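For reference, the structure is listed below as structure tokens.
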Amino acid sequence: MSIGSVPLRFKVEIDPERCMKCGRCVENCSYGVFRKEGDNIVVANPRGCVACHRCLAFCPRDAISIYEKPTDYRSHPVWTREVREAVFNQAKTGRIIVAGMGNVLPYPMIFDRLVLDACQVTNPSIDPLREPMELRTYIGKKPAALSVKENANGDTELLTKLAPNLKLETPIMIGHMSYGAISLNAQTALAMAVKKMGTFLGTGEGGLHESLYPYQDHMIVQVASGRFGVDINYLERGAAIEIKIGQGAKPGIGGHLPGEKVCADVSCTRMIPEGSDAISPAPHHDIYSIEDLKQLVHSLKEATEWKKPVFVKIAAVHNSAAIAAGIARSGADAVVIDGFRGGTGAAPRVFRDHVGIPVEAAVASVDAKLRKQGIRNEVSIIASGGIRQSADIAKIICLGADAVYIGTSALVAMGCRVCGTCNRGTCAWGIATQRPELTKRLDPVTNSVQVANLIHAWTDEIAELMGAAGINSIESLRGNRDRLRGYMLDEGLLNVLDVKTVGA
């Protein structure tokens, strides 16, 4: 007996009075929802709809409407629609369910339960339009103290040798999204945006395409467990190097780029066979301890003549603080904490939705541990995974982060509708796909402006929030928990965050 079809996820309606039969919906839908019949009448098969909204965006008469869950199951508090359909799916296929984007379960957002304090009379606020606001951020090791010498001519000479740092004009960077997971046009748009804004973009674990070499001074190259595309040329081109141990969307497992996304160009850049799945192992097979990690950190620094900072990226888990303390002692210059709301091109759904912890709690505990051990200056903290707006950035910096990575929000700035089908390679917006007919839909120049606009707007908003808090330097905001209060958070979580409740 067959399980049969599940109810439609979306209902697609075409208003016949508004439809001009132009066929743009047919041309733009990469999921085969629309087709023409008879006298050029457009009909829809909603079974394939993922609500990417490409048809809505390009319909000149606004003739299309999409409704979610037009037919549902009998309501049940435990056996929800999603749970039942997952069972149906696995009963038919016997396979792990793979999905894209980030965690979809309705966990409470800690960011939304934190409020920022503001100055009033005794400590007046600062007007960012009339007073200088310092948002420049340096990522890397900082000396515990400076040693200087005054020369005979009156000049002061710095004797302390400074470690290489990345200079950011804003505390916002764009996280690692590989060529393969996203299109080359999408990566190019992001690279152009970070160059314009004086910040950095991660290459992901897919190597660095030759067309991105002009932006290499604003690229952070990644060394993941699969070591795709990693050679000395790749390492020397990056402004910094990141060792990826874990990822927020799939802690404890490796990466997976489906073979249908491995076109000839991706194959060449990643140094893998065309059409084959690019699977990263769960562990690095040369890292099973902090001592092993230290060897790789030193090897990468030695290979690049100690000129580049080296980051280590871990997923946010319960012992992130202890891991980060070890990373700080490994010689790494920054630790990246990736929360469980981080996006991905493809991950087992069970990992995406049920493994890991929020970045807010992880960053707070890491910052507290490093301060307690007196090594906070040894390593910078970069937060990622679920950063949705400028307020989130201000709050996570108050909890101890130096800077943030954004990912999904940058893709949304380019048109992504978060439909969650990145793993299928059929992205109608030309972002998470390698199909030539789809990638050409994304213009790097136009989209780079949109991403740069987003970073610019968020940077201005951070400056406004700092001014309201009576702070004129991002350094004074970092770890400044006095500027935060918790609302409707339990005592245990307030203790982890080291934040007082509202009214206190």
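The values are calculated or read from the model by the stated rules, or taken from the named source; none is laboratory data. From a predicted model like this one, the values you see are computed outputs, not experimental measurements. No Cβ is skipped: glycine too gets one built from the backbone with ideal geometry, and neighbour counts run over all protein chains shown. Areas reflect the complete protein model, heavy atoms only, side chains present, ligands, DNA and RNA absent. Shrake-Rupley method; radii C 1.70, N 1.55, O 1.52, S 1.80 Å.
When restricted to residues that are outside any helix (DSSP H, G or I), open to solvent by less than 10 Å² (accessible area, probe 1.4 Å) and under 22 Å from residue 396 (Cα atoms), segment 176-219 contains 3.
Checking 126, 96 one by one, the residue that is assigned to a loop (DSSP other than H, G, I, E, B) and in contact with a strand residue (DSSP E or B) (Cβ under 9 Å, 6 or more places away or on another chain) is 96 and no other. Applying the criterion of being among the hydroxyl-bearing types (Ser, Thr, Tyr) and over 33 Å from the mean Cα position of the chain (by Cα) to the residues of segment 58-73, the residue that is most open to solvent (accessible area, probe 1.4 Å) is 71. Taking residues in segment 228-242 that are farther than 11 Å from residue 208 by Cβ and of a type in the set (A, V, I, L, M), and partners anywhere that are modelled with pLDDT of 95 or more and in a loop (DSSP other than H, G, I, E, B), the pairs with Cβ atoms closer than 6 Å and at least 6 places apart or on different chains are 240/308; 240/309; 241/308. If you go through segment 37-57 and keep only what is among the basic types (Lys, Arg) and either open to solvent by 70 Å² or more (accessible area, probe 1.4 Å) or part of a loop (DSSP other than H, G, I, E, B) (or both), you end up with just 47.
Of the numbered criteria (1) out of contact with any Asp or Glu (no Cβ under 7 Å at 6 or more places or on another chain); (2) assigned to a loop (DSSP other than H, G, I, E, B); (3) touching a residue at least 24 places away in the same chain (Cβ under 8 Å); (4) open to solvent by 90 Å² or more (accessible area, probe 1.4 Å), the one residue 138 fails is (2).
Quick one: which residue in 387, 375 is surrounded by 23 or more Cβ atoms within 10 Å (Cβ to Cβ) and of a type in the set (Val, Ile, Thr)?
Details: 375 fails: surrounded by 23 or more Cβ atoms within 10 Å (Cβ to Cβ).
The conditions single out 387.
Quick test for you: out of 334, 321, pick the one residue that is at pLDDT 95 or above, in contact with a helix residue (DSSP H, G or I) (Cβ under 6 Å, 6 or more places away or on another chain) and over 29 Å from residue 423 (Cβ atoms).
Numbers: 334 fails: in contact with a helix residue (DSSP H, G or I) (Cβ under 6 Å, 6 or more places away or on another chain).
Testing whether each residue is at pLDDT 95 or above, in contact with a helix residue (DSSP H, G or I) (Cβ under 6 Å, 6 or more places away or on another chain) and over 29 Å from residue 423 (Cβ atoms) leaves just 321.
Of all residues being touching a Ser or Thr at 6+ places or on another chain (Cβ under 8 Å) and not small (Gly, Ala, Ser) in segment 358-383, which is nearest to residue 404 (Cα to Cα)? Just the residue, please. Only one residue fits best here, namely 359.
For segment 477-504, what are the residues that are of a type outside the set (D, E, K, R), free of Cβ contacts under 8 Å to residues at least 60 places away in the same chain and either surrounded by 16 or more Cβ atoms within 10 Å (Cβ to Cβ) or outside any loop (DSSP other than H, G, I, E, B) (or both)? Please lay out each step first, then the result.
Here is the first cut: in segment 477-504, the residues of a type outside the set (D, E, K, R) are 477, 479-480, 484, 486-489, 492-497, 499, 501-504.
Filter again for free of Cβ contacts under 8 Å to residues at least 60 places away in the same chain, leaving 492, 494-495, 501, 503-504.
Correct list: 492, 494, 495, 501.
Right, residue 161: farther than 17 Å from residue 313 by Cα, in a loop (DSSP other than H, G, I, E, B), of a type in the set (Lys, Arg) and modelled with pLDDT under 95 or not? Taking the combined requirement at face value, the residue satisfies it.
Residues that are surrounded by fewer than 24 Cβ atoms within 10 Å (Cβ to Cβ) and at negative phi within segment 224-237 comprise 225, 226, 230, 231, 232, 233, 234, 235, 236, 237, listed in sequence order. Residues in segment 407-427 that are hydrophobic (A, V, I, L, M, F, W, C), touching a residue at least 40 places away in the same chain (Cβ under 8 Å) and surrounded by fewer than 24 Cβ atoms within 10 Å (Cβ to Cβ): 413, 418, 419.
Of the residues that make up segment 94-108, is at least one free of Cβ contacts under 8 Å to residues at least 24 places away in the same chain, surrounded by 13 or more Cβ atoms within 10 Å (Cβ to Cβ) and not hydroxyl-bearing (Ser, Thr, Tyr)?
In the first step, residues of segment 94-108 are kept if they are free of Cβ contacts under 8 Å to residues at least 24 places away in the same chain; the result is 94-95, 106, 108.
Within this subset, residues satisfying the condition of being surrounded by 13 or more Cβ atoms within 10 Å (Cβ to Cβ) are none.
Within segment 94-108, none of the residues are free of Cβ contacts under 8 Å to residues at least 24 places away in the same chain, surrounded by 13 or more Cβ atoms within 10 Å (Cβ to Cβ) and not hydroxyl-bearing (Ser, Thr, Tyr).
Taking the criterion of being loosely packed, with under 15 Cβ neighbours inside 10 Å and aliphatic (A, V, I, L, M), the only residue of segment 249-264 that qualifies is 264. Within segment 254-274, work out how many residues are over 18 Å from residue 225 (Cβ atoms) and hydroxyl-bearing (Ser, Thr, Tyr). Counting residues in segment 254-274 that are over 18 Å from residue 225 (Cβ atoms) and hydroxyl-bearing (Ser, Thr, Tyr) gives 1. Assuming residue 299 fulfils every condition listed in (1) free of Cβ contacts under 8 Å to residues at least 40 places away in the same chain; (2) more than 17 Å from residue 235 (Cβ to Cβ); (3) among the hydroxyl-bearing types (Ser, Thr, Tyr) apart from one, which condition is it? That leaves (2) as the condition not met.
Among residues of segment 74-93 being aliphatic (A, V, I, L, M) and touching a residue at least 12 places away in the same chain (Cβ under 8 Å), the one that is most open to solvent (accessible area, probe 1.4 Å) is 91.
Does residue 147 meet the test of being more than 20 Å from residue 313 (Cα to Cα), open to solvent by 50 Å² or more (accessible area, probe 1.4 Å) and at pLDDT 90 or above? Don't jump to the end; show me each part of the working.
Details: more than 20 Å from residue 313 (Cα to Cα): yes; open to solvent by 50 Å² or more (accessible area, probe 1.4 Å): yes; at pLDDT 90 or above: yes.
So residue 147 passes the test.
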